[in-house]
Amino acid sequence: MTDYKSEFLQEAREFVELMNQSFLKLEKGEKSAIDEIFRAVHTIKGMAGFMEFKNLEKFCHKLESTLGQLRGKDVSEEVVDILLSSVDVISEMLNKIESENNDDVDFEQILEKISSIEICKEESDTKKLDLELKDFEDANLKITIKLTEDCQMKGVRGLLILETLKSVCEIRATEPEETKIEGGCDFFIVYAKGDANAIEEALSAVSEIEKFSISEIVKPSAQKTVEVEPKAEKKVESEECELKVEKREVKKSESIRVDIQVLDTIMNLIGELVIIRGRLLQISSKYSISELSEAINIMDKSVTRLQDEVMKLRMVKVERVFNKFPRMVRDLARKLGKKVEFTMEGLDTELDRSVLDEMSDPIMHLIRNAVDHGIESPEERIMAGKSEVGKIKLSAKREKSNVVIEIEDDGKGLDLEKIRKKALEKGLIAENSNLSDEEIKALIFLPGFSTKDAPTEISGRGVGMDVVKTTVERLGGSLKLISEKGKGTKIRIILPPTVAIIKSLLVSVGGQIYAIPLSNVVEAVYVDEKNWKKIHGNPFLLVREKPILAFTLSEIFGCNGGNGRKVGIIVERENEKFALIVDSIIDQQEIVVKPLTGLISKVRGFSGVTILGDGTVVPIVDVSSLLGGDRFG
């Protein structure tokens, strides 16, 4: 059984996530959500029974009984509170199974609460689910299903297939009977009444089916019936009934689960291939061997295609992380006595798995802050002329080559005077310091800073916003804070879609090569007397008669710039353009990002290093921190 534990836990947790989402739908009045929850609980119960985790199986059985009684009924917030607590118990059991290989969790207290909703009936719910094997003369389809040979839990998979079919059609009979399918068999037949296209679409989404076929049952006369022998192995017999088969045999597209560490290893190996490719291109260019150049060009295309395919494998939709936040907002709002409407947009937006995983905690901190600090109590909102229900929106979208995540609320906004006073109390700024509004806003991202007088279990320790800023900068992204007192706050996070392999511009500064991410670069222009100006002592580069603030990298890095004509690299940071003055542009190429570690990880202005084909180590410029990473807005 231990061989199947990992797959069991993964599938069970997916169903737990589905239950969380469905309970919130149920609370909003979607009565059909109870069916999704029922199927999830029933499937977890079946898998737990197969894996011999008796406590989990027993708890899910009791929960099933209550859910069956709630079908078609209105459900109060208090009832949803109890039911969500039962989901937490299932999660706790799954964690215990993972860490200690047992499900010994005390669930009697929550069972009492579940029983208080409505007295659980003693009759077995599985009997309710058993098919009544009667005459099935109105069945119009015969569905033949064969599971894959490597299907590890055939009983659970068979049960899941039946539940899937029940959601799109009416099952009249199965061969063999359902209890035997649940016990485990790799081939079975289902007689159903429904739409063939809907059934085909539903079965195509289920994994571990080798193939299935849907046959239409055509009867020449309405008087002719199909007789069923009520034996263990039932056979359909009718001399007068003709089963005309319009067979739709559908070969399943096979899919497998892959550990993220395996993808990381493959990505690292591809990174090495990219470095070797760069080296071979240099050799080819140097010696001008036509046969070598031809072979390298073919290899270059193959490596690029391989790289693109692996990058696609690593990309996941943001909904994978976003879907856990509605439950968190709902629980937190009820705990604080606030009313919050939480919406999400752009759930199909894709990010590299590693970037999304890194951003999970920072986004959680921002949403918790929006509920705790931003949204006012219903009484305060009514006094301020607002609706008693506060609004929080979490959205994701593509913007050029980057992904933008925004957290916006219509709460009280930032009180800049309060932030300034707290900073003075903590000694973070001097009494006579003259800070702009944007600089005061940036104070909330300092380690240990909080406007709360005393910490609570939700906030007030001054670590959340610091974590957000540190993580975003480490991922090569940028952050902007927009807030208006009494109106609300918006936090805008700009992230690269991936941090593994990026396109960059290689430039020379004082004899050293640097890489500037191409996602930051707008254009490049030569610098001469006509477009180089100083205004109030600050250098500007005129681009199409528009002055752009300029920074000479040789001065920033403390090295001697080369002689000759300079080049201005126009970069964009938070919708503002700046010019980075370099000695020359060397090349444009894809580079493998190697993160900075140890003491050098704290060096500002660089997000990592890369290694060129000839072994040269090249620093990667972090445009955001180089041009003032501590400034926001």
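Expected output is a single nm value to one decimal: the length gained when fully extending between ASP437 and LYS335, i.e. 0.36 nm times separation in residues minus the C-alpha distance. What is it? Don't skip to the end; give the middle numbers.
On the way: separation 102, 0.36 × 102 = 36.72 nm, distance 3.28 nm.
Full extension of this stretch gives 33.4 nm more.
Please list log₁₀ I(q)/I(0) at q = 0.16, 0.26, 0.28 Å⁻¹ for region 21-63, using the Debye equation with identical point scatterers on the alpha-carbon positions.
So the normalised log intensities work out to -0.45, -0.79, -0.84.
At 222 nm, what helix-only mean residue ellipticity would the chain give, in deg cm²/dmol to the nearest 500, using -39500 (n - 2.57) for each DSSP H run of four or more?
Estimated from H runs of four or more residues: -13000 deg cm²/dmol.
Taking a 19 Å limit on the Cα-Cα distance, which of the listed pairs LYS25/LYS73; LYS28/LYS339; LYS421/LYS441; LYS317/LYS480; LYS339/LYS393; LYS386/LYS418 fall beyond it?
LYS317/LYS480; LYS386/LYS418
Given 5 Å bins starting at zero, what is the percent of C-alpha pairs of region 354-405 in each, up to the one with the largest pair distance?
4, 17, 19, 18, 14, 12, 9, 6, 2
Using the Kirkwood formula on the Cα atoms of region 319-495, what hydrodynamic radius do you get, in angstrom to one decimal?
Kirkwood hydrodynamic radius for region 319-495: 16.9 Å.
ASP528: net charge of surrounding residues, Cβ under 13 Å, Lys/Arg +1, Asp/Glu -1, itself excluded?
So the environment of ASP528 carries a net charge of +3.
Normalised by the residues of region 319-495, what does the relative contact order come to in percent, with Cα pairs under 8 Å and at least six apart?
Reported relative contact order: 24 percent.
Where the centroid of each part is defined by its Cα atoms, how far is region 399-442 from region 56-123 in Å?
44
Could you compute how fast region 260-317 diffuses translationally, taking Rh as the Kirkwood radius over C-alpha pairs and applying Stokes-Einstein at 25 °C with viscosity 0.890 mPa s? Give it in µm² per second.
198
For region 422-430, just list the computed ³J(HN,Hα) in residue order, Karplus coefficients 6.51, -1.76 and 1.60, θ = phi - 60°, integers in Hz, with x standing in for Gly and Pro.
Whole-Hz 3J(HN,Hα) from phi for region 422-430: 5, 5, 5, 4, 8, x, 7, 9, 7.
Each residue of region 363-370 in turn: what ³J(HN,Hα) in whole Hz from Karplus with 6.51, -1.76, 1.60 and θ = phi - 60°, glycine and Pro shown as x?
5, 4, 4, 5, 5, 4, 5, 4
Positive end of the charge dipole of the chain (Lys, Arg +1 and Asp, Glu -1 on Cβ, about the Cα centre): tell me which of ASN560, VAL403, LEU506 has its Cα farthest that way.
ASN560
Taking a temperature of 20 °C and a viscosity of 1.002 mPa s, what whole-number D in µm²/s does Stokes-Einstein yield for region 501-626 with Rh from Kirkwood over alpha carbon pairs?
On the way: Rh = 15.0 Å.
The Stokes-Einstein estimate is 143 µm²/s.
About the Cα centre of region 159-220, how large is the charge dipole given +1 on each Lys and Arg Cβ and -1 on each Asp and Glu Cβ? Please answer in debye to the nearest 20.
240
Just the C-alpha atoms of region 75-115: what Rg/Rh do they give, with Rh taken as the Kirkwood radius?
Here the Rg-to-Rh quotient is 1.07.
At 7 Å along the Cα-to-beta-carbon direction for both LYS503 and LYS180, put a label point, then send me their distance in nm to one decimal.
Between LYS503 and LYS180, the label points sit 6.1 nm apart.
Can you find, among PRO326, LEU495, SER478, the residue sitting farthest towards the positive end of the charge dipole of region 319-495, where Lys and Arg contribute +1 and Asp and Glu -1 at Cβ?
Farthest towards the positive pole: PRO326.
Long-range amide H contacts for ASP587: which residues qualify at under 5 Å (H placed 1.01 Å from N, peptide plane, sequence gap of 5 or more or a different chain)?
LEU506
So what does the Cα-only Debye profile of region 2-122 read at q = 0.15, 0.17, 0.18 Å⁻¹, as log10 I(q)/I(0), no solvent term?
-0.62, -0.79, -0.88
Averaging sequence separations of C-alpha pairs under 8 Å and six or more residues apart, then dividing by the length of the chain, give the relative contact order as a whole percent. Walk me through the numbers on the way to the answer.
Working: 1042 pairs, mean separation 52.2, N = 633.
Contact order relative to length: 8 percent.
What are the equivalent ellipsoid semi-axes of the chain, built from the alpha-carbon gyration tensor (square roots of five times its eigenvalues), in whole angstrom, biggest first?
56, 36, 20
Might you report the magnitude of the Cβ-based charge dipole of the chain about its Cα centre, with Lys and Arg at +1 and Asp and Glu at -1, to the nearest 20 debye?
I would put it at about 2660 debye.
What is the calculated FRET efficiency for VAL389 to LEU416, with r their C-beta to C-beta distance and R₀ = 35 Å, to the nearest 0.05?
Details: r = 26 Å, r/R0 = 0.76.
Computed FRET efficiency for VAL389 and LEU416: 0.85.
Sorted by accessible area with a 1.4 angstrom probe, largest first, how do LEU428, LEU160, LEU56 fall?
Working: LEU428 70, LEU160 30, LEU56 0 Å².
In descending accessible area the options line up as LEU428, LEU160, LEU56.
Taking the Cα centre as origin and putting +1 on Lys and Arg beta-carbons and -1 on Asp and Glu beta-carbons, what dipole magnitude results for region 2-122, to the nearest 20 debye?
Once rounded to the nearest 20, the dipole reads 440 debye.
What are the ³J(HN,Hα) couplings of region 392-402, residue after residue, when phi is run through the Karplus curve with 6.51, -1.76, 1.60 and θ = phi - 60°? Round to Hz, x for glycine and proline.
Rounded to whole hertz, the list is 10, 10, 10, 9, 9, 7, 8, 9, 6, 9, 9.
Among ILE143, VAL571, ILE591, whose Cα projects farthest towards the positive end of the dipole of the chain, with charges put on the beta-carbon of Lys, Arg (+1) and Asp, Glu (-1)?
So the residue furthest toward the plus end is VAL571.
The values are calculated or read from the model by the stated rules, or taken from the named source; none is laboratory data. Remember, predicted model here, so these are calculated numbers, not experimental data. All Cβ positions, even for glycine, are placed from backbone atoms using ideal geometry, and neighbour counts span all protein chains on display. To get the accessible areas, we keep the full protein, side chains included, count just its heavy atoms, and leave off ligands, DNA and RNA. Shrake-Rupley method; radii C 1.70, N 1.55, O 1.52, S 1.80 Å.
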